[in-house]
Amino acid sequence: MKNKKIAWRRVFDIDREPFIDLTLAGVSLKAQEMVGKMSISGVQPKFSVRIVDKKNEPRLEVTGEGGQYILKPQVQAFVNLPENEELCMTMAEDLGIHVPAHCLVHLKDKSLAYVVKRFDRKGLHKIHQEDFAQILGKRDKYDGSIEEIGRKLKAVSEVPGLDVQLFFERVVFNFLIGNGDAHMKNYSVIYNEEGLVRLAPLYDLVCSRIVIPEESEESALTIHGKKSRIKRKDMDSLAEYLGIPEKVRFAKFAGQKNIFRSRIAKSLLPKSLAKNFDKLFIERFQRLELT
């Protein structure tokens, strides 16, 4: 309960779980009602929500405007996605990767849903954000390479050396957790109040391989010209291209294997999925020759 309260406080600034008047059965109907009112794209059903009556009876309401959070319920076709994303985002935090505040909540029917705080909002003010599909003029979010993103990030970031290093670590992390769907829209920059450009927090983290075992590609975008059978030499080639010194490339991952494995074992994923995730993670960790 203590950990839950910490999560609720961090995400909603309250000490109890907000009520959500939504059930899985009502998700499709609510999505149809909101068509044309929400701009959040993606395959998984997502709702823009805001918190109301925080002091008395806090609840989350689906809204077309003024949304403070994104809510993602369970998906029949892809089991345990909320638990999957919550785990992967927490693992990213363990590594020191900047991610938005997030937690799991219960819908009215007690099914779990994932909630993440929007980092492109400050009160009612919208903070300008651009993903790399927009920046690079890509119509197809799966068209292109990680190198393209890195090169452009170097050109636009206010702190290019640091942001490129952080970007590289995120690419490695996505590979380690089996996220084969990290496309152009999953990497962004954000403009601060002075109009300065920085790499945005990381988001939409899932182990897609345990959700789609037949997934043929390990990376949505090419790395060293490859989307599959990625090895240490491919990541080293990427790092060299981005100008990242050898001694710092994988420093953040040193000694993290058991921490990650413990996190997977204690997650809310069903044991079979957790076992598959752990097996995949060990294999990827070894393939990158990490310790």
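The values are calculated or read from the model by the stated rules, or taken from the named source; none is laboratory data. Here the structure is a predicted model, which is why all the values come from computation and not from measurement. Here Cβ is always computed from backbone atoms with ideal geometry, including for glycine, and neighbour counts include all displayed protein chains.
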(message) Of everything in region 202-248, what is over 27 Å from ALA274 (Cα atoms) and either outside the structural domain of SER272 (by TED's automatic domain parsing) or of a type in the set (Phe, Trp, Tyr) (or both)? Give them in sequence order.
(response) TYR241
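State all residues of region 134-167 that are on the phi > 0 side of the Ramachandran plot and free of Cβ contacts under 8 Å to residues at least 40 places away in the same chain; if no residue qualifies, say none. Working first, answer last.
Within region 134-167, the first condition is being on the phi > 0 side of the Ramachandran plot, and the residues that meet it are 137, 144.
Residue satisfying the conditions is GLY137 alone.
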(request) Output the residues belonging to region 49-97 that are at positive phi and acidic (Asp, Glu). (result) ASP53
(request) Kindly list, by first and then second residue, each pair from a residue in region 2-28 that is at negative phi and part of a helix (DSSP H, G or I) to a residue that is surrounded by 12 or more Cβ atoms within 10 Å (Cβ to Cβ) and among the hydroxyl-bearing types (Ser, Thr, Tyr), limited to pairs with Cβ atoms under 7 Å and residues at least 6 apart or on different chains. (result) LEU24/SER111
(message) Can you find, within region 82-96, the residue that is nearest to ALA200 (Cα to Cα) among those that are crowded, with 21+ Cβ neighbours inside 10 Å and in contact with a strand residue (DSSP E or B) (Cβ under 7 Å, 6 or more places away or on another chain)?
(response) MET89
(message) So, in region 46-64, exactly how many residues are in contact (Cβ under 8 Å) with a residue 24 or more places away in the chain and not in a strand (DSSP E or B)?
(response) 5
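Please determine whether any residue of region 69-88 is outside any helix (DSSP H, G or I), among the small types (Gly, Ala, Ser) and at pLDDT below 95. Explain how you work it out, then say what you get.
Of the residues in region 69-88, the ones outside any helix (DSSP H, G or I) are 69-80.
Narrowing the set further to residues that are among the small types (Gly, Ala, Ser) leaves 77.
Then keep just the ones that are at pLDDT below 95; that gives 77.
Looking through region 69-88, at least one residue is outside any helix (DSSP H, G or I), among the small types (Gly, Ala, Ser) and at pLDDT below 95.
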